[in-house]
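In what follows, a single structure is set out as structure tokens and then discussed.
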Amino acid sequence: MADAYRIAIVGSGPAGLSAAARAAQLGVSHILIEKTDHLSDTIYKYQKGKHVMATPSQLVLRSDMDFEAGKREVVLGTWDEQTAGHDVNVRLNSEVKAVEGDAGNFRITFADGETVSAENIILAIGTQGNPNLVRCPVDDGAVVQYTLDDPGEYVDEHITIIGGGDAGIENALGLAADPEQNNSVTLVNRGPEFATAKGANVKALLAAGDAGRISILTETTASHIGTGEITFDTRDGETKIRCDRVIARMGSAPPRAFVEACGAEFSGPDRNAFPVLSPTFESSKKGVYVIGALAGYPLIKHCMNQGHDVVEFINGNTTLKPADEPILEAKFKNLPGRKSVDEWLEFLRSSVTILEPMTPLQMREFMLDSEVRAYRRGETLFDRADPGSSLFAIASGSVLVQVDADDPSKTVGIECGSIVGEVGLVSGRRRGSTVVAAEDSICVEIPRMAALKLQSQVPPARDAITRIATERQLLQMFGSGLTKEDIAEIVDSAEIMTIKAGEAIIEEGDTGIDLYVIRSGSMVVEKMVGRKPVFLSYLPAGSYVGEMAVLDDTPRTATVRAAIKSEVIKVDGHAFRALLEKNPELLARARSDVEARENVNNFVEAKKDSFSGVVDMYSSISSFLVENGIGEATDVLLIDENLCVGCDNCEKACADSHEGLSRLNREAGRTYAHLHVPTSCRHCEHPHCMADCPPNAIHRGDDGEVFIDDTCIGCGNCQRNCPYGVIRMEKVPPPKPSLLSWLFFGSGPGPGEPEHDWIEERVAEDTPKQAIKCDMCAGIKGGPACVRACPTGAAIRVAPEEFLSVARLETEQG
Amino acid sequence: MATRRADVGTDLAETDEVERSTVSTGARHEGVWRYRGSYWGKMALGISVTLIIAYVLIDVEPRHNGGSWLGYTLGTAGGGLILWLTMLGVRKRAMTPGRWSLKGWTSAHVYLGLSLVVIGTLHTGFQLGWNVHTLAWVLMMIVIVTGIFGITVYGILPRQLSSNRDETTEAQMLETVTDIDRQLFDTAQPLDADGAAVIQEAIDETPFDGGIGQRLSGKYRGGGTARGLADFRARSSHGDRSLDELYDRLEALLARKQAALSRIRRHLRIKALLQIWLYIHVPMTFALLAALSAHIVSVFFYW
């Protein structure tokens, strides 16, 4: 007969250790089973000397084991000591092969054939044994690894780290820490921001990037790993660098097969789904409990608290509340209706569509970051033009979006369970409309970072947000007559695609009939005239393209390709056709639009012979502008060098309108055919500068301008992130003497930006620098000073779609 | 192939941009001369023609002069206009908020300034002589003529400035010269004293050498770099291959310096031409204001 225990704990990480210590403390018979020959393998495998963090800081630790932030060695030492001190029954070198039986009588079989029996099983095996693998092709001979034990082992290597989570960032910092090792380290992150990493890590990484010790590639994925080199897809196309070793740290997925074999069910088919758990961590299999990273909780403090709590639950303590209970209690205190924290969490989760896939544990973590509020009927959630990038989820009641700024009675309702404010989340723009509660409602406000984390951790939530955003975009596009039900089929068939810069979604001559909506980025439309592609038009985000084929069943008449990395919604042409057939009004409108478009096409066709020179010029200038980032601009300064006399009055005017510092460099920048794109902000659709601003000081204003507010801390992240070099880090000079006193008495430096030395003499040594960039002269009557101050009309500010319009062709020919 | 900008939240039919057959003026480069369809040009022409006709038709006894009612009217208008034209200098430097455009001001300044030829001259009644009154008229004409020079270079030179610059900035051009100088210095180390002196002379030549005449005409003959280039082209080592290579390198560097020098000199020359007239235009304006004051005061006290 095998040994019998009340509790068997599989895995000796922070969660398992804490559970075992609690069991030992309570005098419950237990066994702690560990696969390797040491405790806590995941932390054991951390880099030597790694600083182990203790986040979230607001959470209290409730465990018989001590833990505080410190070096890996100290943390492990403490645990080893206390495990012995608590008389924990540990069984090392024991890999569990199978778990059979039911609650009260489980039989655990080890790899060596031995067995033990237990009444309850706690699975605390984490997810590290199951890392996410690289998905791009890997050549034979290329070195790809998923762990890094000792960064000191590698010298003189070109190392690429894939993954901008904590593990990847810490590996990169470790490899680049000692310049003597002479490693050249590159860190690759799929998104533009490091949403899942701890703030301190991100800061350290950016500092290292700034110092040139690590090169950081964001919005980049590996497309091919060869021997000695790696190829990436970046925002601006493909790039290849030298690479001797790839360390992939792209997270890990639960070891699903084993957990399912134990009888526990998962929340969905997704690779990153977690087991379904009760609030007492019990899985769908009675007697099997799941805690720690495997339960969806990767942070050490949470793991340890769960270890403590689960043993208390098993031991019959039903009144125990989780350690974060007081924090959540405070959040729910002011809501109507007397519900317990658990009831509130369950209520929010089940009422809000995007929160539904979350486990109760994830809900707890999520609500620690988010706020929930009750709104009376008519109370405002947010006002038009408020700055704000949070997402609101409606848990009960409903809200009204005031679509017309002048007439608050024109509203669109959004029902319970849905979300509102997603535009702010995506673009960081100010609120586009005022939203008020239609009835007494309860809404969850999800801050931007929490929303990004939610999307990256819970894929179904990301899909739900995407679906709602798609649905709204399509509804707005097709006009007000349609309802959600009308386009349900289209939304179902819609597919979000990421298009690389330069890639075509529609090729001239193709017979496809699908319709594309540009979600982010922008596209250019080209037509082959003779043997040269002629630029037809520019499509900013929010446009749609490709419906002519649906109506006429004709082959595509032009090519549409991405100007920059873009996202499109592909709408099935047949579904769209069905919609048109059901809605004669929409069909008629579409027809008349298409006719107008055909006229433009015919016009360009006709021009190609008589005015081919003009068409050529237009086409090549357009291509030049798109190459220079106009494709993602919303407003750009263009200088006609046929007119520019080089007086720099634009720079002087800019400086004099903004605390004495110019936000543009007229002379720098690219020029084509005397059309000059100076170094000045383009107010990108998805501003790169916004990607990583610690105080969240960069916003988009009412007129579309991207501006930096007073909360700037001068970290310089935005300057580094801007691909166009338009942000300066400067000390703000004191006010100058007035123009008249300069004119008559020569006091002060005169109009324009003062000399650097003049500023240095007048500001304190330790004055912090601030990020300075164009704000399109927001709030200054008369508009951009650079344009107003140009004596010859050389400077204009334009939206690219206006400047790149085919109508220019007609105008220029008079 | 249908393409359309569909503004989020608005109706398709209303946001059809490509279809428009005109581009808003804000989206086009409209030069100062064509501003508002040359509104101020037409205005100035109208004023001039009207005044000339009036001058011919109106019979002033004994003859046209500044003291007649017409003369006073013209003089007052002219004086006021001169004061207003002077204000462009303030307007240009005072970045006050508001819906003004310096381009509009400049356009009006140019055209109305030209009409001053008619207004001022008719005011004199062609009674010119050696006195403070004619001095004011002469100064005014000098200001206008320099202004015409300004218009001319503003019309011609920007294109040349842009082509010569070719995406480099002035600072970059200067840096290039400094950079070549450093390379010349390093490369010339193995040379004998004679050769080193030639290179030193080339290094000593800066883009700013030469007087104002050379700066404006762009004619630089026989600078240190040109002489050095000629010298090293002529040099041929006698069978000494290592020296051959050195001479080739120096020759290439000297040629690059020559090219860099001529580019930045051309740049500076064009910029100088775009500005030099202001050094007459503006001081003469102040002289004109002084003479004008004397003219007005003397007229009222001593006429």
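The values are calculated or read from the model by the stated rules, or taken from the named source; none is laboratory data. No experiment lies behind these values; they were computed from the predicted model shown. A quick note on method: Cβ atoms are made from the backbone with ideal geometry, for glycine too, and the neighbour counts reach across all protein chains shown.
(1) farther than 30 Å from residue B:118 by Cα; (2) loosely packed, with under 14 Cβ neighbours inside 10 Å; (3) within 14 Å of another protein chain (Cβ to nearest Cβ): which one isn't true of residue B:182, the others all being true?
The one condition residue B:182 does not meet is (3).
Take residue A:316 and tell me if it is exposed (fewer than 15 other Cβ atoms within 10 Å of the Cβ), assigned by TED's automatic domain parsing to the domain that holds residue A:293 and not polar (S, T, N, Q).
Criteria met by residue A:316.
Does residue A:63 satisfy the criteria of being assigned to a loop (DSSP other than H, G, I, E, B) and within 28 Å of residue A:198 (Cα to Cα)?
yes
Does the stretch B:128-151 include one or more residues that are outside any helix (DSSP H, G or I) and either touching a Gly at 6+ places or on another chain (Cβ under 8 Å) or within 14 Å of another protein chain (Cβ to nearest Cβ) (or both)?
no
If I go through the stretch A:212-235 residue by residue, how many of them are assigned to a strand (DSSP E or B) and touching a helix residue (DSSP H, G or I) at 6+ places or on another chain (Cβ under 9 Å)?
3
Going by what's in this entry, would residue A:682 be described as within 16 Å of residue A:728 (Cα to Cα), under 33 Å from the mean Cα position of the chain (by Cα) and not β-branched (Val, Ile, Thr)?
Considered against the rule, which asks whether it is within 16 Å of residue A:728 (Cα to Cα), under 33 Å from the mean Cα position of the chain (by Cα) and not β-branched (Val, Ile, Thr), residue A:682 comes out as yes.
What's the number of the condition residue B:88 fails, among (1) buried (at least 19 other Cβ atoms within 10 Å of the Cβ); (2) within 14 Å of another protein chain (Cβ to nearest Cβ); (3) in contact with a His (Cβ under 8 Å, 6 or more places away or on another chain)?
Checking residue B:88 against (1) buried (at least 19 other Cβ atoms within 10 Å of the Cβ); (2) within 14 Å of another protein chain (Cβ to nearest Cβ); (3) in contact with a His (Cβ under 8 Å, 6 or more places away or on another chain), the one that fails is (1).
Just a yes or no: is a residue in the stretch A:696-705 out of contact with any Ser or Thr (no Cβ under 7 Å at 6 or more places or on another chain), without any contact (Cβ under 8 Å) to a residue 24 or more places away in the chain and of a type in the set (S, T, N, Q)?
no
Across the stretch A:508-525, what is the total count of residues that are within 11 Å of chain B (Cβ to nearest Cβ) and part of a loop (DSSP other than H, G, I, E, B)?
Adding up the residues that qualify gives 3.
Report, ordered by the first and then the second residue, all pairs with beta carbons closer than 8 Å, sequence separation of six or more or different chains, a first member in the stretch A:216-245 that is under 17 Å from residue A:629 (Cβ atoms) and modelled with pLDDT of 85 or more, and a second member that is crowded, with 17+ Cβ neighbours inside 10 Å and among the small types (Gly, Ala, Ser).
A:218/A:164; A:218/A:691
Restricting attention to the stretch A:526-565, which residues are in contact with a Phe, Trp or Tyr (Cβ under 8 Å, 6 or more places away or on another chain), facing chain B (nearest Cβ under 7 Å) and either assigned to a strand (DSSP E or B) or hydrophobic (A, V, I, L, M, F, W, C) (or both)?
Once the filter is applied, which keeps residues that are in contact with a Phe, Trp or Tyr (Cβ under 8 Å, 6 or more places away or on another chain), facing chain B (nearest Cβ under 7 Å) and either assigned to a strand (DSSP E or B) or hydrophobic (A, V, I, L, M, F, W, C) (or both), the stretch A:526-565 yields A:544, A:545.
Name the residue, out of A:70, A:13, that is small (Gly, Ala, Ser), in contact with a Cys (Cβ under 7 Å, 6 or more places away or on another chain) and in contact (Cβ under 8 Å) with a residue 12 or more places away in the chain.
Within the list A:70, A:13, the selection yields A:13.
Just the residues that are over 15 Å from residue A:160 (Cβ atoms), modelled with pLDDT of 85 or more and not in a loop (DSSP other than H, G, I, E, B), please, taken from the stretch A:112-150.
Once the filter is applied, which keeps residues that are over 15 Å from residue A:160 (Cβ atoms), modelled with pLDDT of 85 or more and not in a loop (DSSP other than H, G, I, E, B), the stretch A:112-150 yields A:115, A:116, A:117, A:118, A:119, A:120, A:121, A:122, A:123.
Based on this model, can you work out whether residue A:675 counts as more than 9 Å from every other protein chain (Cβ to nearest Cβ) and among the hydrophobic types (A, V, I, L, M, F, W, C)?
No, not satisfied.
Look through the stretch A:795-814, keep the residues that are at the interface with another protein chain (Cβ under 7 Å from one of its Cβ atoms) and not in a helix (DSSP H, G or I), and return whichever of them is modelled with the highest pLDDT.
Only one residue tops the list, namely A:796.
Output the residues belonging to the stretch B:41-74 that are touching a residue at least 60 places away in the same chain (Cβ under 8 Å) and assigned to a helix (DSSP H, G or I).
Within the stretch B:41-74, B:41, B:43, B:44, B:45, B:47, B:48, B:51, B:52, B:55 meet the criteria.
Can you report the number of residues in the stretch A:348-373 which are surrounded by fewer than 18 Cβ atoms within 10 Å (Cβ to Cβ), among the hydrophobic types (A, V, I, L, M, F, W, C) and at pLDDT 85 or above?
Residues in the stretch A:348-373 being surrounded by fewer than 18 Cβ atoms within 10 Å (Cβ to Cβ), among the hydrophobic types (A, V, I, L, M, F, W, C) and at pLDDT 85 or above: 0 in total.
So which pairs qualify, if the first residue must be in the stretch B:96-112 and facing chain A (nearest Cβ under 9 Å), the second must be of a type in the set (Val, Ile, Thr), the Cβ gap must be under 8 Å, and the two must be at least 6 apart or on different chains?
Close Cβ pairs (under 8 Å, with a partner that is of a type in the set (Val, Ile, Thr)) amount to B:97/A:780; B:101/A:787; B:103/A:792; B:103/B:32; B:106/A:792; B:106/B:32; B:107/B:32.
Checking residue A:749 against (1) on the phi > 0 side of the Ramachandran plot; (2) away from chain B (no Cβ under 12 Å); (3) modelled with pLDDT of 85 or more, which test does it fail?
Condition not satisfied by residue A:749: (1).
Please pick out the residue among A:149, A:166, A:178 that is surrounded by fewer than 24 Cβ atoms within 10 Å (Cβ to Cβ) and either closer than 17 Å to residue A:230 by Cβ or touching a helix residue (DSSP H, G or I) at 6+ places or on another chain (Cβ under 7 Å) (or both).
It is A:166.
Would you say residue A:685 is acidic (Asp, Glu) and at pLDDT 85 or above?
no
Could you say which residue among A:655, A:697 is among the small types (Gly, Ala, Ser), under 27 Å from residue A:781 (Cα atoms) and at the interface with another protein chain (Cβ under 10 Å from one of its Cβ atoms)?
Exactly one residue qualifies, and that residue is A:655.
Can you name every residue in the stretch A:33-42 that is touching a Pro at 6+ places or on another chain (Cβ under 7 Å) and either of a type in the set (Val, Ile, Thr) or at pLDDT below 85 (or both)?
Result: no residue meets the conditions.
What's the number of the only condition in (1) in contact with a Pro (Cβ under 9 Å, 6 or more places away or on another chain); (2) surrounded by fewer than 14 Cβ atoms within 10 Å (Cβ to Cβ) that residue B:208 fails to meet?
Unmet for residue B:208, out of (1) in contact with a Pro (Cβ under 9 Å, 6 or more places away or on another chain); (2) surrounded by fewer than 14 Cβ atoms within 10 Å (Cβ to Cβ): (1).
Given the conditions (1) surrounded by fewer than 18 Cβ atoms within 10 Å (Cβ to Cβ); (2) in contact with a helix residue (DSSP H, G or I) (Cβ under 6 Å, 6 or more places away or on another chain), report the number of the one that residue A:80 does not fulfil.
Of everything listed in (1) surrounded by fewer than 18 Cβ atoms within 10 Å (Cβ to Cβ); (2) in contact with a helix residue (DSSP H, G or I) (Cβ under 6 Å, 6 or more places away or on another chain), residue A:80 misses just condition (2).
Can you tell me which residue in the stretch A:274-316 is farthest from the chain's Cα centre (by Cα), limited to those that are at positive phi and in a loop (DSSP other than H, G, I, E, B)?
A:316
Out of A:495, A:508, A:503, A:547, which single residue is touching a residue at least 40 places away in the same chain (Cβ under 8 Å), surrounded by fewer than 22 Cβ atoms within 10 Å (Cβ to Cβ) and farther than 22 Å from residue A:623 by Cα?
Answer to the selection: A:495.
Hey, does the stretch A:389-408 have a residue that's modelled with pLDDT under 85, more than 14 Å from chain B (Cβ to nearest Cβ) and crowded, with 17+ Cβ neighbours inside 10 Å?
Yes: one or more hits.
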